[in-house]
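**Q** Structure incoming, see below.
Where a number appears in this text, it was derived from the coordinates with a stated rule and is not lab data. Source: prediction; values computed, not measured. Neighbour counts are summed over all protein chains in view; Cβ atoms, including those assigned to glycine, are modelled from backbone coordinates with ideal geometry.
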Amino acid sequence: MDNHRENEDDQEQQQQQQQQQPVLRSIHNRHSSFVRFINTTRHNISVYWIDYQGKKVCYRVLGCRTYLDINTFVTHPWIFVDEETKDRFPANGQEVYFPKSWFAQFQGMRQSELPSRIERTQVYITLPLYSLRDLCLREIKRRLRYDRHAFGLEIPWSLQRELYNMHPRKPDPNEQQL
C-alpha cells in the first residue's frame, strides 16, 4: 500500500516539475545538427539559443549579410532578434527555428548515393512581414520623442498603451529622476 502511494506521489511530483518548466526550451542533445545561420537583412540580428531552463543565450550578433556556423542539436530552439527594435525575425519562415538532424535527409539512401561530405543546413534569417496596422504603429512610435507622448495622441486608449510599451523604448529622462 505504501509503495503504491509513493509511486503516486512521485508521479504527481514529476507532473508538477514538468508544468513549472518553460514550454520553449532545449530538451536533450542526442541528435546533432550542423547549421549556417545567414542574415539576409540589413539589420544587426542577435542569435539566441534557448537553453535547458528556457533562458535566452546570445551566441553572436550577426551584421548585415553575414553568417554563423553552429553545431547544435535537434531539440534546441533558436530565435533571432533585431538589436535595435527587439523585433523577432523569422528563420526559414519560422518564428522559432528547430534544427533537423544531419542524417534525416539521407535516410533510405544506399551507401553509393550518400554524399562524400556533409554540408551545413542553410538557415535564412529574413525580414518579418508586418500588417499595415503594425507598420503604422511603428512609424508613429518612431516619431514620438518620449513614450509618454503616446497618451497625447487622439487615438483609442488601447493604441496609446500599445505605443507606450512598444520597442524601442523612449523613456523621458525627467520622469526617471522622480
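**Q** Testing the spin-label approximation: label points 7 Å from Cα along Cα→Cβ at ARG120 and ILE155. State their distance in nm.
**A** 4.0
**Q** Run down the lysines and flag those whose C-alpha is under 17 Å from the C-alpha of LYS170, throwing out any fewer than 8 positions away in its chain.
**A** Cross-link targets: LYS86, LYS141.
**Q** Quick one: if you stick a label point 7 Å off each Cα along the C-beta vector at LYS55 and GLN107, how many nm between them?
**A** 3.4
**Q** Using alpha-carbon positions, what is the distance between the centroids of the range 93-142 and the range 147-178, in Å?
**A** Cα centroid to Cα centroid, the span is 35 Å.
**Q** Using amide H atoms built 1.01 Å from N in the peptide plane, name the residues 5+ places from PHE73, or on other chains, whose amide H lies under 5 Å from its own.
**A** Amide H neighbours of PHE73: SER33.
**Q** Can you pull the three principal axis extents for the Cα set of the chain, in Å, largest first?
**A** Taking the Cα atoms of the chain, the three principal extents are 65, 60, 30 Å.
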